[in-house]
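Undergrad: Handing you this structure, nothing more for now.
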Amino acid sequence: LSVFEWSQRKGWPILLEAYFREFTHKDNVCLFLKTYLLHKPDKDVKKELKERIISFAESIKLDIHKLPKFELITQQLPFKDLPSFYKAFDCLVIPSHGEGWGRPHCEAMSMELPVIATNWSGNTEFMNKDNSYLIDVEELVDIKDTEIQFYQGHRWAKPSVRHLGELMRHVYENPEMAKEKGRKARHDMIASYSCEVIGNKVLSRLN
C-alpha cells in the first residue's frame, strides 16, 4: 500500500520504477495506490492516473504487458474507516523526497504495519532501523518542483530506486520478519505517541 497525494514531492516515479523493475506479472503481489491529484482531492481521477502510470512505464522502456499488478484507490475514506483499511494490507511504502512529519507512516505503524520510507526528514523522528525499513538516500538535490513554488531554492532527498526494490522484495519474501517489524512499530508508537503520552506532554508545557 502507498498513501499519498499525486505530486512530485511524494516520489511516485521512484515508487513505480522500483516496483515495476523488481516484480513482474508472475509475482503474487499487488501495489495499491491510495492517492488523489494535488488540489483536486475529490475529483475522480482513476482513469487519468492509470494512463499516466502506463505512460511512465513505457517511458522507462518497460513491457506494459509484463507489469506486476497495481490498483488505484481514489475515493476519500472516513477517518473511522482507516484502522480497518490499513489492516487489509501487508506493508506501507512511501519513498517521498521529504516529509513534514508523515501522517500515513504513523497511522500504519500504529496498526502494526511494516513501513518502508525514505531515511530523511520528518518521519525519521519516529522511524528507525529497528521499527521500520528505511530507504537509502543517494544525495540531496535542488528542488525543481513546478507544482508548488515555495519549494524553489530548497533541497530534498533522492531515495535509491535500487534499495527500495530490494526492501520491497525483502518484505514480500519474508512476511514473518516484516510482521515482527510491524509489532515493534506499534509498540514504539504507543510508547511515545499515544493520546495519554502526548496529552501529558502538552499538560506539562501548559503548566
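The values are calculated or read from the model by the stated rules, or taken from the named source; none is laboratory data. Model, not experiment: these values are computed from the prediction. What goes into the accessible areas is simple: the full protein's heavy atoms, side chains included, and nothing from ligands, DNA or RNA. Shrake-Rupley method; radii C 1.70, N 1.55, O 1.52, S 1.80 Å.
Undergrad: Using a 1.4 angstrom probe on the protein heavy atoms only, could you order Thr74, Thr146 from most to least accessible area?
TA: Thr146, Thr74
Undergrad: Still on this model: Ignoring any ligand, DNA or RNA, what whole percent of the accessible area of the chain comes from carbon and sulfur when the probe is 1.4 angstrom?
TA: 53
Undergrad: Give the ranking of Asp142, Asp42 by solvent-accessible surface, highest area first, calculated with a 1.4 Å probe.
TA: Asp42, Asp142
Undergrad: Do any of Lys10/Lys80; Lys46/Lys179; Lys34/Lys87 go past 22 Å between their Cα atoms, and which?
TA: Lys10/Lys80; Lys46/Lys179
Undergrad: Give me the 1.4 Å probe accessible area per residue for the chain, excluding ligands and nucleic acids, in Å².
TA: Result: 56 Å² per residue.
Undergrad: What is the Cα centroid distance between segment 73-108 and segment 117-183, reported in whole angstrom?
TA: Here the answer is 15 Å between Cα centres.
Undergrad: Solvent-accessible area of Trp6, probe 1.4 Å, all protein chains present, reported in Å² to the nearest ten, please.
TA: Only protein atoms counted, so the area is about 10 Å².
Undergrad: Measuring from the lowest to the highest alpha carbon on each principal axis, how far does segment 42-132 reach, largest first, in angstroms?
TA: Computed over segment 42-132, the largest-to-smallest principal extents equal 38, 29, 23 Å.
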